[in-house]
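In what follows, a structure is listed as structure tokens, so that the remarks can point back to it.
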Amino acid sequence: MSAYVPTADIASSYADAMESVFSSAVAGKAWFATVAVVLAVVQILTAARMWGKLSGLIRLPTPTVQRIHRWSGRLALLFTLPVVFHCVTILGFQSGDTRVLVHSVVGSFLYGIFAAKMVAIREHNFPSWVIPVAGGSLFAGLVVLWVTSSYWYFTEVNFGI
Amino acid sequence: MPEEGRPRRWWLLIGLFAVVSLAVYGIARLQPFEPSAPPAAAVPAGDAANGETLFVAKCAGCHGQGGAGGGIGPALVDTGLDAPSVAGVIAAGRGAMPAGLFTGQDAADVAAYVAGISGGGATPPATTGGATTPAPAAGGTVQLTGDRLTGIRVRLDQPAPVSWGVWAEGPAGTRRLASIPPASALVVVDDAGLGPLVQGVDRFTVGPTADAPALTAPLGADEAGRLRTLFIGDPDLPDGASTLDAASGQVAVMRDHIRFLVLARQERNLANIRFHGEHMVNLAYGNPPEDVDGNGDPSNPGDGVGLLGPEGGRPGYTARLAATGPEAAREADAFTLVVAEIATAGRECGAIATVEASDACVATIGDRSGELRRTWAALRTGALRSATIALEAP
């Protein structure tokens with residue numbers, strides 16, 4: 001027994017919620033994605049530290065670094081949720097031009113990579129290269145998505161909230 | 001560190017990756033919450049004046065000032081779109097254009113404004129159409145449209161009483177271009193299929209029959225010649241290009257070389273900073289090129305005419321376009337200012353002694369690139385609008 005969902009209302013409530021803070025839903029999305037990318041940089045730095053790199057740069061005890069890594073990851077995921085909601089359910093897969101196509105293709109894989117990375121860190125018996133490769137791909141994917149959306153929006157359309 | 005004896009569950013890792021990716025892709029294909037375009041009746045009446053302000057804020061970046069094009073979005077002037085279709089595009093987005101840039105009353109206001117400039121309904125703001133004069137009871141305008149003047153847009157001050165036609169008359173005869181239904185005051189034909197309408201045409205006529213026109217718009221030989229050099233081709237210009245095409249090309253060359261200059265600064269390449277600084281000067285002022293960087297080779301990546309033209313010499317592109325009418329003349333000032341600023345900073349960069357000392361001039365030039373594009377789009381629109389001829393009683 002499925003209730004009738006007036007889909008246009010979902011799209012416009014989402015837009016209304018975004019517009020209560022930002023000048024448009026798209027502007028809001030661009031900023032959410034930007035926060036996620038900044039957090040992803042924190043992810044890469046803390047991950048490097050956990051693998052014994054950058055210990056000169058990040059002078060924090062390892063447990064603190066691990067906690068930062070976990071929480072910045074959770075927060076980054078949280079910030080991607082509204083973005084993914086808008087992209088996937090309202091805008092959908094599009095292939096209008098190269099930028100949009102690249103964005104759609106990479107975007108389809110992002111949560112897949114995330115899921116694989118979660119498996120890799122829960123199961124402790126994969127070869128040691130799996131986690132850095134998964135984490136690195138996740139970061140690279142996010143950066144590609146950001147460049148083909150937020151960065152493009154800020155430079156081509158409007159830089160502002 | 002494999003744990004004792006437990007098998008590696010590759011299938012879980014790869015399977016989850018595949019399943020989740022496929023699921024996201026599937027939902028994106030289904031696009032469950034895609035907003036449907038609002039039904040025509042549901043579009044509230046819009047305030048075009050407010051719409052113009054909103055348009056400048058969020059749409060002009062892609063569609064150009066006044067919707068004239070020049071950005072990544074198509075030109076919206078003369079597209080004949082009505083307010084409900086514009087509202088639909090705003091709600092749903094299209095191609096590279098994001099959905100939902102405006103909602104509610106704002107969307108309606110912008111839609112009303114766009115319908116005005118596109119000629120698809122609503123009245124355009126009073127500022128458009130430099131050549132339009134408040135005509136007597138019966139009159140109107142014929143605007144030739146499209147990059148090659150192959151389209152036509154006829155606007156009547158009063159709606160046609162019965163079904164009317166629009167004709168082009170010339171030595172080769174009279175050809176019908178369009179029909180205006182009764183009670184309608186506007187007709188837009190993107191391409192009349194007759195090639196440039198400034199060739200072999202003496203006048204445009206509008207009325208019940210070609211023999212007894214109600215209104216005529218004479219196209220004098222001078223005016224036709226002016227429009228041909230502006231849109232079709234100018235034997236005075238390199239390769240015989242039209243003024244608008246050649247000038248567009250030179251603006252693009254300047255923007256490319258602005259990028260090269262900024263890149264040269266990033267690469268700390270002093271010789272190239274100076275070289276591209278010299279290019280700014282010569283693109284602005286044309287030939288003879290100056291050897292600003294002192295490398296013994298005055299170089300100009302442009303066509304030598306110059307966006308501003310040599311001071312006191314032949315007119316550059318800006319002067320040619322400014323001469324097309326009051327609207328272009330007005331926009332030409334802002335464009336001239338930007339190009340002159342770029343050239344001044346270029347002169348500085350061209351003779352700079354160290355990479356570090358170039359920061360200010362490179363930044364000035366880099367910052368002007370967007371402004372160059374914007375002011376160019378406005379100047380171009382002004383020139384495009386000059387292809388308007390008044391319709392009067394014969």
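Loop only per DSSP, at most 15 neighbouring Cβ atoms within 10 Å: give me the chymotrypsin sites (Phe, Trp or Tyr not before Pro) in segment A:56-161, ordered by residue number. Kindly include the intermediate steps, with their values, before the conclusion.
Details: sites: A:Trp71, A:Phe79, A:Phe85, A:Phe93, A:Phe109, A:Tyr111, A:Phe114, A:Trp129, A:Phe139, A:Trp146, A:Tyr151, A:Trp152, A:Tyr153, A:Phe154, A:Phe159; in loops: A:Phe93, A:Trp129, A:Phe159.
Filter output for segment A:56-161: A:Trp129, A:Phe159.
A simple rule links phi to the HN-Hα coupling: the Karplus curve 6.51 cos²θ - 1.76 cosθ + 1.60 with θ = phi - 60°, which for segment B:173-179 gives x, 10, 10, 7, 9, 6, 10 Hz, with x for Gly and Pro. Note on A:Arg49: accessible area approximately 30 square angstrom, rounded to 10, probe 1.4 Å, nucleic acids and ligands left out. The figure for B:Asp256 is an accessible area of roughly 60 square angstrom, using a 1.4 Å probe on the protein chains alone. The residues neighbouring B:Leu219, those whose beta-carbon lies less than 12 Å from its own, together hold a net charge of -1 under the Lys/Arg +1, Asp/Glu -1 convention. Taking a ≥ b ≥ c as the square roots of the eigenvalues of the Cα gyration tensor, chain B is classed as oblate, since a/c reaches at least 1.5 and a/b does not exceed b/c.
Check cross-link reach from B:Lys58 to the aspartates and glutamates: straight Cα distance under 15 Å, and skip same-chain residues fewer than eight apart. By straight Cα distance, B:Lys58 reaches A:Glu19, A:Glu156, B:Asp106, B:Asp109.
Normalised by the number of residues in chain B, the mean separation of alpha-carbon contacts (under 8 Å, six or more apart) gives a relative contact order of 14 percent.
Remark: relative contact order (segment B:141-219) = 33 percent; criterion is Cα-Cα distance under 8 angstrom and separation of 6 or more residues.
Between rounded, prolate and oblate, where does segment B:238-386 land on the alpha carbon gyration tensor, with a ≥ b ≥ c its root eigenvalues, rounded for a/c under 1.5, else prolate if a/b exceeds b/c? The partial results should precede the final answer.
Numbers: a/c = 2.31, a/b = 1.72, b/c = 1.35.
Verdict is prolate for segment B:238-386.
The length gained by stretching the chain between A:Asp16 and A:Thr64 to full extension, at 0.36 nm per residue less their Cα-Cα distance, is 13.4 nm. Please name whichever of B:Trp376, B:Ile180, B:Asn272 sits farthest to the positive end of the charge dipole of the protein assembly as shown, dipole taken about the Cα centre and charges placed at Cβ: Lys and Arg +1, Asp and Glu -1. After comparing all options, I get B:Asn272.
Accessible surface comparison of B:Thr324, B:Thr364, probe 1.4 Å, protein chains only, largest first: the order is B:Thr364, B:Thr324.
Where a ≥ b ≥ c are the square roots of the eigenvalues of the C-alpha gyration tensor, would you call the protein assembly as shown rounded, which needs a/c under 1.5, or, failing that, prolate if a/b is larger than b/c, or oblate?
Working: a/c = 2.95, a/b = 1.49, b/c = 1.98.
Since a/c reaches 1.5 but b/c is at least a/b, the shape of the protein assembly as shown is classed as oblate.
For segment B:272-379, the list of GluC sites (Glu not before Pro) that fall in a loop by DSSP and count at most 12 other C-beta atoms within 10 angstrom reads B:Glu311. Note on chain A: GNM, Cα springs under 10 Å; of A:Ala76, A:Ala30, A:Ala48, the largest mean-square fluctuation is that of A:Ala48. Counting only residues at least eight positions apart within a chain, or on another chain, the lysines with an alpha carbon under 24 Å from that of A:Lys53 are A:Lys117.
The values are calculated or read from the model by the stated rules, or taken from the named source; none is laboratory data. Only a predicted model underlies this, so the values are computations on that prediction, with no experimental measurement involved. Here the Cβ is made from the backbone with ideal geometry for all residues, glycine too, and neighbour counts use every protein chain on show. The area values use the complete protein model at the heavy-atom level, side chains included, leaving out ligands, DNA and RNA. Shrake-Rupley method; radii C 1.70, N 1.55, O 1.52, S 1.80 Å.
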